[in-house]
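One structure below.
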Amino acid sequence: MTAAALDARMKPGAGHGVMVLLLAAALLINYVDRGNLATAAPLLKDALKLSNAQIGLMTSAFFWIYAPGQIVAAWVVSKINAYRAMALGLVVWSAATLATGFANGFMMLLALRVLLGVGESVGFPASSKLLAQHLPHRRLGSANALVCAGVPLGPAIGTFFGGLLIAHTGWRLLFIAFGALSLLWLIPWYAAMGGRSVEASRSGPVREPAYAELLSKRELWGAALGHFAHNYLLYLVLSWLPLFLVKVHHFSLGDMAKLGGLVYLLSAVVSLLAGALADRWMAAGASSNRVRKTMMCASVIIGLSSMLACGLGSSQVAIGGLLVYGLSLGLGGFNVFAIGQTLAGAAATGKWIGVQNFMGNIAGILAPIVTGLIVDVTGQFSAAFLVAAAISLFGLLGWAFVIGKIEPVAWRAETA
């Protein structure tokens, strides 16, 4: 099936609202489950006699498999269709979460953390493929905003409810309960999407551009550069915010949790509002290029300013900078994927987002390590935030200049 035929067959309908809600729920579960290790770490470390280095290795191991796993996930999406791939990924990562509750040592924990990365790598390639197939460009803003709201809300919800759970029952039940509850998502997914999955399988594979053709497009490299810069700030904050607030600005654990939760909540609210605004703006006649570039460049500039505030300002300025960063994350997160979906088109989105998200998530490996090394050498966080600000400039270069126009790329198969 050609991309044109796919676009003609996949028209927006009432059932697509249910699909978007279920995809949003899946990505929320994705980020809750990946954050459980950090929530349980204080108890798990003592119970299994783990070193700090072993905890760090397990955190890093997730991204070592999750980042390249995006490419494999995109291949799975093209082979078995995005509906089945999403369900398969959730089964794998939920099983890994549940089994972690029975772990008895470091090696078993490490293996399960790797398995978690394998399963969760399906999330964005599959969800982006489905959104691009079923929604026109003018509706990608609010749909991606809802899906991407799980990125900040997942850690916030997981930390709050997971913290309450381990305080009363210990760390093992945290993983068992969250893993089992995650599997319940399959019931509404198959009820609502099972028929579409069968139809997609019967229709045969969609003709997709080869990876060589994808990699020849400067738009992909611009989006990947911008995605990396966006994620570098995200993973710096996710990895180091608690330590930065407690050790540098002398917050209590309770106050740290409140401010961190506020940053993530603000991001989710901004994401939903900005996604709706983007759709309205485009419905009023604005082009994808104008809307996406305006919002994405604004996100980068706000994020850069927040990093400078954290690196150079007083405690009050730094705290204000963190809150401002919530605006940047909310404004930019959903546009990162909407831009890729628009550029790739329905047929190529799975592969495109797989490659883009792979390059973007290299930041998940580098940002925590680079920040730690800078703090060890300098004894403070200032230089680490300034490095993040400098990386933001490369992101601005990618979004504003490397990508010429945010509009569907012409693929050779379509031209033929």
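Out of region 323-350, which residues are hydroxyl-bearing (Ser, Thr, Tyr), touching a Pro at 6+ places or on another chain (Cβ under 9 Å) and modelled with pLDDT of 90 or more?
Narrowing region 323-350 to residues hydroxyl-bearing (Ser, Thr, Tyr): 325, 328, 342, 349.
Those left that are additionally touching a Pro at 6+ places or on another chain (Cβ under 9 Å): 342, 349.
THR342, the sole residue that qualifies.
Select from region 191-213 the residues that are modelled with pLDDT of 70 or more and over 12 Å from LYS79 (Cα atoms) and list them in ascending order.
Here is the first cut: in region 191-213, the residues modelled with pLDDT of 70 or more are 191-196, 207-213.
Result: ALA191, ALA192, MET193, GLY194, GLY195, ARG196, PRO209, ALA210, TYR211, ALA212, GLU213.
Does TRP399 satisfy being within 19 Å of the chain's Cα centre (by Cα), among the aromatic types (Phe, Trp, Tyr), within 21 Å of LEU146 (Cβ to Cβ) and crowded, with 24+ Cβ neighbours inside 10 Å? Let's see the steps before the verdict.
Working: within 19 Å of the chain's Cα centre (by Cα): yes; among the aromatic types (Phe, Trp, Tyr): yes; within 21 Å of LEU146 (Cβ to Cβ): no; crowded, with 24+ Cβ neighbours inside 10 Å: yes.
In short, no.
Restricting attention to region 356-373, does a residue exist that is aromatic (Phe, Trp, Tyr), touching a residue at least 12 places away in the same chain (Cβ under 8 Å) and assigned to a helix (DSSP H, G or I)?
Looking only at region 356-373, we keep the residues that are aromatic (Phe, Trp, Tyr), and these are 358.
Narrowing further to those that are touching a residue at least 12 places away in the same chain (Cβ under 8 Å): 358.
Filter once more, so that each one left must be assigned to a helix (DSSP H, G or I): 358.
Yes, region 356-373 contains a residue that is aromatic (Phe, Trp, Tyr), touching a residue at least 12 places away in the same chain (Cβ under 8 Å) and assigned to a helix (DSSP H, G or I).
Taking GLN341 as the residue in question, decide whether it is over 24 Å from PHE62 (Cβ atoms), surrounded by fewer than 24 Cβ atoms within 10 Å (Cβ to Cβ) and not hydrophobic (A, V, I, L, M, F, W, C). Don't jump to the end; show me each part of the working.
Numbers: over 24 Å from PHE62 (Cβ atoms): yes; surrounded by fewer than 24 Cβ atoms within 10 Å (Cβ to Cβ): no; not hydrophobic (A, V, I, L, M, F, W, C): yes.
Answer is no for this residue.
Any chance region 290-307 includes a residue that's surrounded by 15 or more Cβ atoms within 10 Å (Cβ to Cβ), of a type outside the set (A, V, I, L, M, F, W, C) and outside any helix (DSSP H, G or I)?
no
Just the residues that are assigned to a helix (DSSP H, G or I) and aromatic (Phe, Trp, Tyr), please, taken from region 68-103. Let's see the steps before the verdict.
First, pick out the residues of region 68-103 that are assigned to a helix (DSSP H, G or I): 68-80, 82-100.
Listed by number, the residues that qualify are TRP75, TYR83, TRP93.
Limited to region 374-389, what total is found for residues that are part of a helix (DSSP H, G or I) and more than 23 Å from the chain's Cα centre (by Cα)? Write out each step before concluding.
Here is the first cut: in region 374-389, the residues part of a helix (DSSP H, G or I) are 374-378, 382-389.
Narrowing further to those that are more than 23 Å from the chain's Cα centre (by Cα): 374-378, 382-383, 386.
Residues flagged as part of a helix (DSSP H, G or I) and more than 23 Å from the chain's Cα centre (by Cα) within region 374-389 amount to 8.
Under 30 Å from LEU165 (Cα atoms) and at pLDDT below 75: does that describe PRO42? Let's see the steps before the verdict.
Details: under 30 Å from LEU165 (Cα atoms): yes; at pLDDT below 75: yes.
Against the criterion (under 30 Å from LEU165 (Cα atoms) and at pLDDT below 75), PRO42 qualifies.
Read through the list (1) touching a residue at least 24 places away in the same chain (Cβ under 8 Å); (2) in a helix (DSSP H, G or I), then give the number of the only condition that PRO242 fails.
Exception for PRO242: condition (1).
Pairs only if they're at least six apart or on different chains, beta carbon under 7 angstrom, first in region 99-124 and in contact (Cβ under 8 Å) with a residue 24 or more places away in the chain, second assigned to a helix (DSSP H, G or I) and of a type in the set (Ser, Thr, Tyr); list them, first residue then second.
As it stands, the answer is LEU109/THR100; LEU116/THR97; GLY117/TYR66; GLU120/TYR66; SER121/TYR66, since those pairs meet every condition given.
Here are LEU183, LEU153: which of them is surrounded by 15 or more Cβ atoms within 10 Å (Cβ to Cβ) and farther than 21 Å from GLY275 by Cα?
On the way: LEU153 fails: farther than 21 Å from GLY275 by Cα.
The unique qualifying residue is LEU183.
Does at least one position in region 305-325 carry a residue that is closer than 19 Å to ALA145 by Cα and in contact with a His (Cβ under 6 Å, 6 or more places away or on another chain)?
Within region 305-325, not a single residue is closer than 19 Å to ALA145 by Cα and in contact with a His (Cβ under 6 Å, 6 or more places away or on another chain).
Suppose we keep only residues that are crowded, with 21+ Cβ neighbours inside 10 Å, under 15 Å from ALA41 (Cα atoms) and among the small types (Gly, Ala, Ser) within region 156-180. Which one would you say is nearest to the chain's Cα centre (by Cα)?
Out of the qualifying residues, it is GLY158.
Quick one: how many residues across region 128-139 are over 20 Å from ALA73 (Cβ atoms) and in a helix (DSSP H, G or I)?
Residues of region 128-139 that are over 20 Å from ALA73 (Cβ atoms), as a first pass: 135-139.
Now restrict to residues that are in a helix (DSSP H, G or I): 137-139.
Final tally of qualifying residues: 3.
For (1) farther than 20 Å from VAL324 by Cβ; (2) out of contact with any Gly (no Cβ under 8 Å at 6 or more places or on another chain), each residue gets a yes or a no:
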site: VAL375; (1), (2): yes, yes
site: ALA390; (1), (2): no, yes
site: GLY395; (1), (2): no, no
site: ILE403; (1), (2): yes, no
site: ARG412; (1), (2): yes, yes
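Can you find even one residue in region 216-236 that is outside any helix (DSSP H, G or I) and surrounded by fewer than 17 Cβ atoms within 10 Å (Cβ to Cβ)? Steps first, answer last, please.
First, the residues of region 216-236 that are outside any helix (DSSP H, G or I): 216-217.
In the following step, the residues that additionally are surrounded by fewer than 17 Cβ atoms within 10 Å (Cβ to Cβ) were identified as 216.
Within region 216-236 (the criterion being outside any helix (DSSP H, G or I) and surrounded by fewer than 17 Cβ atoms within 10 Å (Cβ to Cβ)), the answer is yes, since at least one residue qualifies.
The values are calculated or read from the model by the stated rules, or taken from the named source; none is laboratory data. Treat the numbers as computed from the prediction; the structure is a model and nothing was measured. Heads up, the Cβs are rebuilt from the backbone with ideal geometry, glycines too, and the neighbour counts pull from every protein chain shown.
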